[in-house]
Structure formats: structure tokens, C-alpha cells
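Worksheet for the structure shown next.
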Amino acid sequence: MEFLSTSLLELVTQTATNLPPDVRQAMSIAANTETPGTQSSQALDIILSNVDMAVEDEGPICQDTGMPTFFVHTPVGVNQIKLAKAIRGAVAEATRRGKLRPNSVDSITGKNSGDNLGTETPVIHFEQWEEDEIEIRLILKGGGCENKNIQYSVPCNLDHLGRADRNLEGVRKCILHAVWQAQGQGCAPGALGVCIGSDRAHGYDLAKMQLLRTLDDVNPNPTLANLESEIMGEANRLGVGAMGFGGKTSLIGCKITAANRLPASFFVSVAYECWAFRRLGVRLDAATGAITQWLYRDPSRLTEKMARGTGFPLTGREVVLTPPLAESQMRALKVGDVVLINGEMFTGRDNVHAYLMKNSPPVDLNGAALYHCGPVMLKQGDQWSVKAAGPTTSIREEPYQADVIKRYGVRAVIGKGGMGPKTLAALKEAGAVYLNGIGGAAQYYARTVEMVLGVSLMEFGIPEAMWHLRVKNFAAIVTMDAHGNSLHADVEKATGEQLAALQNA
Ligand code: SF4
């Protein structure tokens, strides 16, 4: 198996950096369908540019390279123990090269292993088959969308939709509810893998395995094919839009399977996948480990550019913010304003927020821009460089954010997906704003970093440390202002009403 390591490394690298053609096509359609000039359309423009940048630099499409999950078929006689070892080796090497972010955290000690290896990571599903070759499919699904997976035990009552019964109509309601509850937090537009039935644990597995289907395939079961197409139509009338900004495309795919269940149980399990739908596969010669065929893509075809323009079309009306930020400047901003940040910002996510509740900050946060981001970083000589740096889901910091803003004088919080009422009240009280970056646009934002000025709290590991970054033209949209307005609350309300209208239609 002299080519096995190289083949596996290529699979991991290509999956992390090059979106498959079916997802590219769906995202192109979404961008062309969106109303020009809207926030959703601007978000899609950045996303398309980001996809191109990732290919150009062979850098991660999104900084969250997810839980590497392999689905492997082997002929009888292939040593699965050796194959698993080679897979783990490729994952560690891809991490060392900055293609994957170190994402494996010990759940008891909180320590990041640094190489994406650890108990049950990566995830490898093995199955034997009667073919001669080895087939390996890989999905890199990030935490933001993984957190929006949802499982329903029907019958149940759903917001805006009422009771979901144990029939296909009940299933339809659950799936629509899954799209609605995700809003922009899973980096919409998303794709769904759904399993009707099975038990709790296997139902989620089967739902995730539906994400191995291409977005443009047709379900061989006509009942499920109808349901998939019905959901696509209805979900895209909800108006969640890209990043939850409100817009025409909320879903780029819906793939449903059904499995037998226990008489007492009826689960609908939904795996929510973000737009950065990284899924590729290879077939390998079982004797040499060489790639004989790529799945989902044709490497002999040129990868077409996706961007329609220069990424984020500037209008000249953008507000330039140069930290440290003044309260008066923040109070002058309103929802919908586009800002460009020039100067220093600090990253801070889950560990940093928990730390700040008990300890003073390692830097002066008065007037600071605090970026919810866990970047991919590589040390070259003495200098760190940023390989990917998009925003992470902000709602996780809701229990801490109001205190952090009020205690330390943070003036701008940057993230994605928006935050809740406690943060909104703190923004109003303190005179601060929430800025929504474009989730998954990790290459785009990495290119705004002029210099890594330093790092604090490195003991938390690379994604969780507080990085001091100097940025230029870092674009974001004010989605929560100091006047009590929240685009996220508005879109959630409007889409909830639309959900209710679908129920009554
Ligand atoms: S695109 Fe969004 S949800 Fe997907 S991995 Fe990146 S940050 Fe997470």
C-alpha cells in the first residue's frame, strides 16, 4: 500500500479546500436568485469569492474544519486496523500543514490534542463489500451546523406549526421546523440529511449519511422524492436567507431516508449541514492504495471560478471603524450599516468568555472589537500566520457576553448568527454593537489580517486562544445596534409567521 498515505492526505486536503461541484452549482444558483444589493446577496458574494480563494491558496474553506468523518468500504481481506492507522496519520499530517484546524478536545480536561487525534476522533465507519477496491468518503462538518442538528420524537408540538403526528405530514412539519430553528446560526443556506424512524443514535447516523448523496440526485423512493421536493419549495419560501439575513434561499438540499422503528418510538432526526458542505470521496486500488477514481468531482475538469465580482462590492457608504472605538460612534450605527474595521481586534470564543467571567482580561478591552473566531494558525519561524479566520457562532457566548461588554468596555462584538436578548440589552446600556461577519468565509477574512500582533491564553489551544490581529477592510454588517434593534429577532419573527402561514395553507 505504498500510495495509501499520499492518497489519504490528498483526500483530506481536497475536501477541506475545494467544494464539490454539486454544492458549487447550488450556491451559484442561490447567488443568482437572490435580490441584488440585499444583505443576503452581499453575503453570497463573499461566500463565492471565499470558495475561489480557498482553491487558489489550497487553504481551508472554513476555519472550522469540523469532525473528520470517514465512511469506508473495504473488500474482504483488507486490514482495517492498518487502514484506520493510515487515516489517522493523514489527519494529523493535514493538521500539521494547516489544512485542518486542531479540533479534537478532551471532554474531561478541555485540552486540545493539537493534531485532531483523540478518543473517537476522527470518526471512522467501516463496512465490508464485495467489490475489489476500497472506497473512502469524507465529510468535514463544522460545529456551528452540527449544533443545529435536531431530533424530534413525534407526536410533539412545534412552534408556529402546532402538533406533528406520526405520519408524513408530521414529518414534513418537523423538517420545516428544523430549517426555521437553525436561522443563520448554522451558516445558511444549509442542506438537510433526514432520517425518519430508527432509534435515537442510529437515526442521527443515517441522517448524516444522507449528506453523502449529491444535492441534485433524485430519491429512488417516490414518496420520499415528493417530500424532498415539497420541503425544498416550502423551506425556500420561509425567508431565512443566507446567514439568516432574510432572503430567497434558505436550503440548498434536502435528502431523506426512512428506517424501521420500534412500535413505541417515532423519531425524525435531522442533520443540518452548512453551505460549506465539504464532502468528497475516492476509490483506491486495494493493493497499492493509489487513487483510481474521485467521487463527486472530476479532477481532469478545470475548477471554475465562482465569484461574480470582487467579493464584497463596496459602495462608499461603509462606516470605517478604527479601534479603540468610542461610545458615540457605536450609538450612531444602526442595523443594516456596513462597516469596515481597520486596526487591532482580539479573538475570543468559548474558553476566553468563561475565563473573563473570573479573571481580568490579558489585554485592555476598553473600546475593543472582540471577534468570535477560532482561526487556523501556522507558526513559520517566530511569526504566526493566519490560514483561515471566519466568525464562529456567537449564541454560545450569550450567557457571558453582556457581562464582558459591561465589565470591560468592549464596543463591538463580531461573530455570526446573532445573539439573544441579554446581549441586546447590554449593547443598548453600554453603547456597543454586534457585527455579523459572513460565516464560513475564512479565506476572505484571513486575507484582511495584515499582521498577527500577539497571542494570549495559548494554554486554551489554537482555536480558543486570544489572538491579537491587525486587520484592514474587515467587512461586517451591523445586525444588533445600541438602540435595541436586532435583525436576527426580526427575521426569526417574520419567518415564524411564514411558517405558520405554510401550516395554514
Ligand atoms: S460555514 Fe459556518 S457552520 Fe459551517 S463549519 Fe464554517 S462556521 Fe461552522
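The values are calculated or read from the model by the stated rules, or taken from the named source; none is laboratory data. Note that the coordinates shown come from a computational prediction; the quantities given were computed from them, not determined experimentally. For neighbour counting, all protein chains shown are included, and Cβ atoms are generated from backbone atoms with ideal geometry for every residue, glycine included. Please note that ligands, DNA and RNA were not included when accessible areas were found on the heavy atoms of the full protein model with its side chains. Shrake-Rupley method; radii C 1.70, N 1.55, O 1.52, S 1.80 Å.
Here residue 272 passes the criteria (1) open to solvent by less than 20 Å² (accessible area, probe 1.4 Å); (2) at positive phi except the one numbered (2). Filtering 453, 435, 424 for residues that are within 25 Å of residue 145 (Cα to Cα), touching a residue at least 40 places away in the same chain (Cβ under 8 Å) and assigned to a strand (DSSP E or B) leaves a single hit, 435.
Let's see how each residue does on (1) away from the ligand (no atom under 16 Å from the Cβ); (2) part of a strand (DSSP E or B); (3) open to solvent by 20 Å² or more (accessible area, probe 1.4 Å):
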| residue | (1), (2), (3) |
| --- | --- |
| 255 | yes, yes, no |
| 264 | yes, no, yes |
| 276 | no, no, no |
| 298 | yes, no, yes |
| 301 | yes, no, yes |
| 306 | no, no, no |
| 309 | yes, no, yes |
| 316 | yes, no, yes |
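With respect to the conditions (1) within 16 Å of the ligand (Cβ to nearest atom); (2) assigned to a loop (DSSP other than H, G, I, E, B), residue 410 falls short on a single one, namely (1). Summed over the range 392-405, the residues that are farther than 17 Å from residue 145 by Cα and buried (at least 19 other Cβ atoms within 10 Å of the Cβ) give a count of 5. Taking the conditions (1) open to solvent by 30 Å² or more (accessible area, probe 1.4 Å); (2) farther than 19 Å from residue 370 by Cβ in turn, residue 281 satisfies each one other than (1). Taken as a whole, the condition of being away from the ligand (no atom under 16 Å from the Cβ), more than 14 Å from residue 347 (Cβ to Cβ), at pLDDT 95 or above and polar (S, T, N, Q) applies to residue 495. Every condition in (1) surrounded by 23 or more Cβ atoms within 10 Å (Cβ to Cβ); (2) away from the ligand (no atom under 16 Å from the Cβ) is met by residue 40 except one, and the failing one is (2). For the range 425-472, the set of residues classified as touching a strand residue (DSSP E or B) at 6+ places or on another chain (Cβ under 6 Å) and within 16 Å of the ligand (Cβ to nearest atom) consists of 435, 436, 437, 439, 442, 446, 462, listed by residue number. Could you please find all residues in the range 96-120 being away from the ligand (no atom under 16 Å from the Cβ) and outside any loop (DSSP other than H, G, I, E, B)? Across the range 96-120, the qualifying residues are 96, 112, 118. Taking the range 118-141 as the range and being farther than 22 Å from residue 3 by Cβ and surrounded by fewer than 16 Cβ atoms within 10 Å (Cβ to Cβ) as the test, the residues that pass are 119, 120, 123, 125, 127, 130. When the residues of the range 361-391 are filtered to those that are of a type in the set (Gly, Ala, Ser) and more than 16 Å from the ligand (Cβ to nearest atom), the one that is surrounded by the most Cβ atoms within 10 Å (Cβ to Cβ) is 369. Annotation: residue 160 fulfils all but one of (1) more than 24 Å from residue 261 (Cα to Cα); (2) out of contact with any Phe, Trp or Tyr (no Cβ under 8 Å at 6 or more places or on another chain); (3) surrounded by fewer than 22 Cβ atoms within 10 Å (Cβ to Cβ); the unmet one is (2). Which one is farthest from the ligand (Cβ to nearest atom) among residues in the range 121-153 that are of a type in the set (A, V, I, L, M, F, W, C) and touching a residue at least 60 places away in the same chain (Cβ under 8 Å)? Among residues in the range 121-153 that are of a type in the set (A, V, I, L, M, F, W, C) and touching a residue at least 60 places away in the same chain (Cβ under 8 Å), the one farthest from the ligand (Cβ to nearest atom) is 134.
For the range 225-248, indicate whether the set of residues that are more than 22 Å from residue 161 (Cα to Cα) and without any contact (Cβ under 8 Å) to a residue 12 or more places away in the chain is non-empty. Yes, the range 225-248 has at least one match.
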